[in-house]
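A.B. asks: Got a structure for you, written out below as structure tokens; questions coming shortly.
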Amino acid sequence: ISIFRNLKLAPADPILSQTISFNNDPKPLNYKINLGVGAYRDDNGNSYILNSVKKAEELIRNDSNLNNHEYLPILGTNNYIELVQNFLFKDEYSNKLLNENRILTGQSLSGTGSLRLISELLKISNNVNKIVIPNPSWSNHKSIFIKSGIEKIDNYRYYNFKTQRLDLVGMLEDLNSLNPGDGVLLHVCCHNPTGVDPNNEEWDKILEIIERKQLIPIFDMAYQGFDKNLNDDLYIIERTCELIFKNNKIKNMILCQSFAKTLGLYGERIGSFSIITSNKEEKEILESQIKVIIRSMYSSPPCQGSKIVEMVLSNPELYNEWELEVGIMRDRLKEMRMLLFNELKRLNCHGPGVNGPTGWEHLIEQNGMFCFTGILPDQVAALEKDSSIYMTSNGRISIAGINSGNVGRLSRAIAGVFS
Ligand code: PLP
């Protein structure tokens, strides 16, 4: 008899299974439209390898010290750690925390791996009663925390489904009802799936409650550079560091960061975790504990992505080119939002929104790679069945899947399900 006989079929991942349906659709590739997966595509619908990355790869190949497949240290190389820290914590106050030796950073298996390591660490620290995540959030957040054995995961109000905007009042109310030491997961920018972010003034209000209630901010940063730019998107991180340094009421901050989208290194699984600790003794303890977690989970991190990151972050010419390329991706996404908006308007298709005369204003108000369109599940199903247009059933579309060649057909199909 099989030892696996008690296992039942697990539910398919809502996003990844949607890509499988897209691939299985027999219609020609230039007809089908995939608005499901969150990976950047150029205006021809092709994946995009950044020039800065290509040049970094070339430099790595030609350097006999780097052109190898040796094991990395458990937390990544010291060079990686230092470069990533200087990239993320370069403003006045975060830099002061860095100089006080209070920030623990390590390489992670992209953003997901970073969240999972943090979750394991929170579990063994045995001091976090509850973690709250926005409603809605990236579907993996809850699963990651639960898999580590953190039992209490709640939602806080975030998106107002009626106004397609931030429910700031609801969010502040929910955060205000938490207890000291509760963890709050926050998307740093380009919230997935809604594309709705707090502005700086709203962040300040959120942070005021986090400080007053002594909550633990857990920042997830998967889309750095896709809202304003690589530096300005760090606003909430820098403000939190400032409060920690000046007031010392918030003792800890966690940052889970990914290079997947921002450097186009999706499959390389490269990112980092950073923890602001109370003091350098605590940092040492956490470092030792997280090494034990990594050692038994995957032993040491992969080396190709980290070499590329080290090369781009340490070479000013490559870094400048990277910043420009992030700008190209960001601008194309904004342009596609506008194009879709204009096409729907031209077709006189009235959308589900309430922020202006067309009902589609939320398309251009939202940020980053995703848009929460308000297209309903039965309309999503009709678009898939009749037009081979794929999106998640909650009406989230990946803007990166839109291009000047398919926006016309996409708009007509959407207008069709709204008529
Ligand atoms: N966090 C959010 C909000 C995301 O949308 C994603 C990816 O879609 C991730 C984290 C993690 O991505 P990765 O593990 O590829 O870095």
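The numbers here are math on the coordinates, done by the rules we state, and not lab data. For clarity, every value in this text was computed on a predicted model and none was experimentally measured. We place every Cβ from the backbone using ideal geometry, glycine too, and count neighbours over all the protein chains shown.
A.B. asks: What would the Debye formula give as log10 I(q)/I(0) at q = 0.27 Å⁻¹ for the alpha-carbon point model of segment 363-416, no solvent?
C.D. replies: Normalising to I(0) and taking log10 leaves -1.24.
A.B. asks: What is the helix-to-structure angle for 235-247, meaning the angle in degrees between its Cα long axis and the longest Cα principal axis of the chain, kept from 0 to 90 and rounded to the nearest 10?
C.D. replies: Result, in degrees: 30.
A.B. asks: Right, something else. Would you be so kind as to identify which of Tyr390, Thr105, Leu324 lies farthest towards the positive end of the dipole of the chain, taking Lys and Arg as +1 and Asp and Glu as -1 on Cβ and the Cα centre as origin?
C.D. replies: Positive-end residue among those listed: Tyr390.
A.B. asks: I'm checking a number: the convex hull volume of the Cα atoms of segment 130-195, normalised per residue, in Å³. What is it?
C.D. replies: Looking at segment 130-195, the number lands at 85 Å³ per residue.
A.B. asks: Report the semi-axes of the equivalent ellipsoid for segment 265-332 in whole Å, largest first, where each axis is √(5λ) for an eigenvalue λ of the Cα gyration tensor.
C.D. replies: 30, 16, 12
A.B. asks: Kirkwood Rh, Cα Rg: Rg to Rh for segment 1-158?
C.D. replies: For segment 1-158, the value is 1.03.
A.B. asks: Right, here's the next one. Assuming a ≥ b ≥ c are the square roots of the Cα gyration tensor eigenvalues, decide whether segment 48-103 counts as rounded (a/c under 1.5), prolate (otherwise, with a/b larger than b/c) or oblate.
C.D. replies: oblate
A.B. asks: Follow-up question, since we're still on this one. Report the charge-dipole magnitude of segment 183-291 in Debye, nearest 20, computed about the Cα centre from +1 at each Lys and Arg Cβ and -1 at each Asp and Glu Cβ.
C.D. replies: Using only the charged Cβ atoms, the result is roughly 300 debye.
A.B. asks: May I ask you to list the GluC sites (Glu not before Pro) in segment 33-70 that are in a DSSP loop and have at most 15 other Cβ atoms within 10 Å of their Cβ?
C.D. replies: Glu70
A.B. asks: Now, a different point. What do the square roots of 5 times the Cα gyration tensor eigenvalues come to for the chain, in whole Å, largest first, as semi-axes of the equivalent ellipsoid?
C.D. replies: Largest first, the chain gives 35, 26, 22 Å.
A.B. asks: Chymotrypsin sites (Phe, Trp or Tyr not before Pro) within segment 1-95: which are DSSP loop residues with at most 12 other Cβ atoms inside 10 Å?
C.D. replies: Phe4, Tyr31, Tyr71
A.B. asks: For the chain, what does the relative contact order come out to in percent, with C-alpha contacts under 8 Å and a separation of six or more?
C.D. replies: Normalised by residue count, the contact order of the chain is 25 percent.
A.B. asks: A further question on this structure: Please order Ile49, Ile3 by the number of other Cβ within 10 Å, starting at the fewest.
C.D. replies: Fewest-to-most Cβ neighbours within 10 Å comes out as Ile3, Ile49.
A.B. asks: Identify the GluC sites (Glu not before Pro) of segment 78-112 meeting these criteria: DSSP loop state and at most 16 other C-beta atoms within 10 Å of the C-beta.
C.D. replies: Answer by residue number: Glu100.
A.B. asks: Hey, any idea what Rg/Rh is for segment 324-409, computing Rh the Kirkwood way over Cα pairs?
C.D. replies: Rg/Rh for segment 324-409 comes to 0.95.
A.B. asks: Oh, and also: For the chain, what does the helix formula give at 222 nm: sum of -39500 (n - 2.57) over DSSP H segments with n ≥ 4, over the residue count, nearest 500 deg cm²/dmol?
C.D. replies: Taking each H run of at least 4 residues, the total per residue is -14000 deg cm²/dmol.
A.B. asks: So what is the orientation-averaged projected area of segment 207-294, using the convex hull of its C-alpha atoms, in nm²?
C.D. replies: For segment 207-294, averaging the hull's shadow over all directions gives 6.7 nm².
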